[in-house]
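Working notes for the structure below.
Read the figures in this text as sums done on the coordinates, not as results from a lab. Owing to the predicted nature of the structure, the values given are computational and were not obtained by experimental measurement. No Cβ is skipped: glycine too gets one built from the backbone with ideal geometry, and neighbour counts run over all protein chains shown.
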Amino acid sequence: MAKKLKRNLNADMIQVTSNRFWRFHAKCPHVYNIVRSRALRLQEKGQKNYSIGAIISVLRYEYDIADHDDENDDVDDDTVRIPSGVIPYYARMLMDSEPSLMWQDQNGKWYGFFDIASAAADFDFPRIAVRLLGLSEEDADLMRQGILPESYGGDGKTQVYDHDADIWESDDEVIKGQHIEDWPGDGEEE
């Protein structure tokens, strides 16, 4: 049996949070660019490990205190509602796309700039779960097929997730009218 990871995931939660993240990212790609810039800047200043939640919280704070009549090239009006549900996705996306944010020691053990726990985001970034959480390659292959492995509370056989599925009726639903507490898995920031 595969290594049991920290939390069981619900198939609906996986699909919902993934769709919401990718819609948010499509509407607000600048958020990724700002978070990326800040993470790399922290690393350049000598930080070996940092909290993705702290970076997002600072962005939220900066928006709240900004004079919204002035042009501010680092904080955009769309940044105001960064849902907590996107935080695990940004951590994984950054470490997946920026080689300097994930490294191996001489013994082959992987380390990431951000500490992560098992989350629905692992389905979109299984390579990160293999390297940093100890997910087996077999389970990662199952995840790539949309199958919830036993290590994540599934049966390892039934497809529960479709990477290409789009279950939302409106493009605006993610940004408008959604409160952070409506997001499955909230309160469990990285």
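Results, tabulated for the structure shown:
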quantity: Cα-projected label distance for Gln145 with Leu42, points at 7 Å along beta-carbon direction, nm; calculated: 3.7 nm
quantity: Tensor-based shape of the stretch 11-170 (alpha-carbon gyration tensor, a/c under 1.5 rounded, otherwise prolate or oblate); calculated: oblate
quantity: Rough spin-label spacing in nm, given labels placed 7 Å along Cα→Cβ, for Lys27 and Arg60; calculated: 1.7 nm
